[in-house]
Amino acid sequence: MESAEITKETLSELRVRPVERGEEARYQEQMARHHYLGLLPKIGETVWYVATWREEWVAQLGISAAALKCGVRDRWIGWDFRSQYGRLKLIANNSRFLILPEWHRPNIGSRVLSLTERRVGADWQTRFGHPLLLLETFVDPRRFHGGVYRAANWIELGLTQGYRRTTDGYSQAADAPKRVFVRPLCRNPQGQLTHSNLAQLQLTGAPKIMLNAEQMRMLPQCFTMISDPRRVHGIRHRLPVVLGIAAGATLCGMRGYKAISDWADALGQKARERFGCRREKGIYIVPSEFVIRDCLVRIEPDALDRALNAWNQAWGKQDDALALDGKTMKNAIDEAGHQAHIMSVVGHESKICHAQKK
């Protein structure tokens, strides 16, 4: 299409929708071919979008998890590190934006961004069960000026410190600062992101944590007393390492084997070393989803509970008072024909279940 043909009518015919499962290979192939950063796998909460004009692909976008640390963004929001980690899911990152080569025309980019903003909140609520309050993105000033984001009314906050993620954690020198842009999806996003009432934000349960280096090292040690139910032949990952990674992922908010595996795959080399992962050809390897599932379904629940309590005693909140509670399990009949009754000990301050007994 010639530049002269980009009219209001043409722009009005642009549509943005999530990429269907059968289209993901095409999406990734074009991202790898045309985007200077290449393709990006799906990790955690991610939605891929495609913009179309009369069924022809115009642009591709990736919306994924927010950056864990970004000084200018965090100062703009006004939250502290403790409250931030449990609320990061309310922010998403425009991690990829590709306008396909034949569609490099005026107003295309800002129109696609605008259409994406209109629907991403509803898509997030439907897929992941919580709202989305803010979009962010990072622009490399050595390549781009960020004009398309300014045209779409995104707010420029400033520059990052310039440290890059590497296989060992972060680069030693600040050599690549990025421009930070945000786009609010609601009124007063700073006030909502810092609101004290988690229920108003549709966030339930205790805030998730971020593991520090010592906590990573200690988690596998808690599981050393659990006997390995697997056959000795063919074991590549020690049981304490597998259980430590699974527990760490759960503490950080992961739910399900796939999410735990994705979290493990995203660990840097330093974190993998702290967990005690197997080293092959100079690289630390994490257990696969199959290995994680296989270990978790085989181990003795009581032994796992005792090991987790050992970690909790070292790092969990201290309780001044404990509550005893019991529940009769519906339809749980033992060999003698009696219904099972479970007693639990719960901490008043931490809300943690310290022990359960049948």
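The values are calculated or read from the model by the stated rules, or taken from the named source; none is laboratory data. Because the structure is predicted, anything quoted here is derived from the model rather than measured. In this analysis, Cβ positions are derived from the backbone assuming ideal geometry, glycine residues included, and neighbour counts consider all displayed protein chains.
Just the residues that are modelled with pLDDT of 85 or more and either at positive phi or of a type outside the set (S, T, N, Q) (or both), please, taken from the stretch 250-262.
Across the stretch 250-262, the qualifying residues are 257, 258, 260.
Checking residue 132 against (1) in a helix (DSSP H, G or I); (2) crowded, with 20+ Cβ neighbours inside 10 Å, only one condition comes out false. Which one?
Single failed check for residue 132: (1).
Would you mind finding the one in 86, 78, 147, 121 that is within 29 Å of residue 20 (Cβ to Cβ) and of a type in the set (Gly, Ala, Ser)? If you could, list the steps in order and put the result at the bottom.
Numbers: 86 fails: within 29 Å of residue 20 (Cβ to Cβ); 78 fails: within 29 Å of residue 20 (Cβ to Cβ); 147 fails: within 29 Å of residue 20 (Cβ to Cβ).
Step by step, each of 86, 78, 147, 121 is checked, and only 121 is within 29 Å of residue 20 (Cβ to Cβ) and of a type in the set (Gly, Ala, Ser).
Quick check on residue 53: is it surrounded by 15 or more Cβ atoms within 10 Å (Cβ to Cβ), in contact (Cβ under 8 Å) with a residue 24 or more places away in the chain, of a type outside the set (Lys, Arg) and farther than 30 Å from residue 90 by Cα?
Taking the combined requirement at face value, the residue satisfies it.
How many residues does the stretch 278-318 hold that are closer than 20 Å to residue 234 by Cβ, under 26 Å from the mean Cα position of the chain (by Cα) and exposed (fewer than 13 other Cβ atoms within 10 Å of the Cβ)?
In the first step, residues of the stretch 278-318 are kept if they are closer than 20 Å to residue 234 by Cβ; the result is 278-281, 284-299.
The next check asks that each one be under 26 Å from the mean Cα position of the chain (by Cα); those that pass are 278-279, 284-297.
With the extra rule that they be exposed (fewer than 13 other Cβ atoms within 10 Å of the Cβ), the set shrinks to 279, 290, 297.
So the count comes out to 3.
Against the definition (assigned to a helix (DSSP H, G or I), over 22 Å from residue 152 (Cα atoms) and either within 19 Å of the chain's Cα centre (by Cα) or in contact (Cβ under 8 Å) with a residue 60 or more places away in the chain (or both)), how does residue 40 come out, yes or no?
Details: assigned to a helix (DSSP H, G or I): no; over 22 Å from residue 152 (Cα atoms): yes; either within 19 Å of the chain's Cα centre (by Cα) or in contact (Cβ under 8 Å) with a residue 60 or more places away in the chain (or both): yes.
So residue 40 fails the test.
So, in the stretch 219-233, exactly how many residues are more than 29 Å from the chain's Cα centre (by Cα) and surrounded by 11 or more Cβ atoms within 10 Å (Cβ to Cβ)? Don't jump to the end; show me each part of the working.
Going through the stretch 219-233, the residues more than 29 Å from the chain's Cα centre (by Cα) turn out to be 225-233.
Checking which are surrounded by 11 or more Cβ atoms within 10 Å (Cβ to Cβ) leaves us with 225-226, 228-230.
The number of residues fulfilling the criteria is 5.
Which pairs do you get when a residue that is of a type in the set (Asp, Glu), found in the stretch 266-283, comes within reach of a residue that is part of a strand (DSSP E or B) and crowded, with 19+ Cβ neighbours inside 10 Å, reach meaning Cβ atoms under 8 angstrom, with the pair 6+ apart or on two chains?
Qualifying pairs under 8 Å: 273/284.
Give the residues of the stretch 335-358 that are outside any strand (DSSP E or B), modelled with pLDDT of 75 or more and surrounded by 10 or more Cβ atoms within 10 Å (Cβ to Cβ), sorted by residue number.
Scanning the stretch 335-358 gives a single hit, 338.
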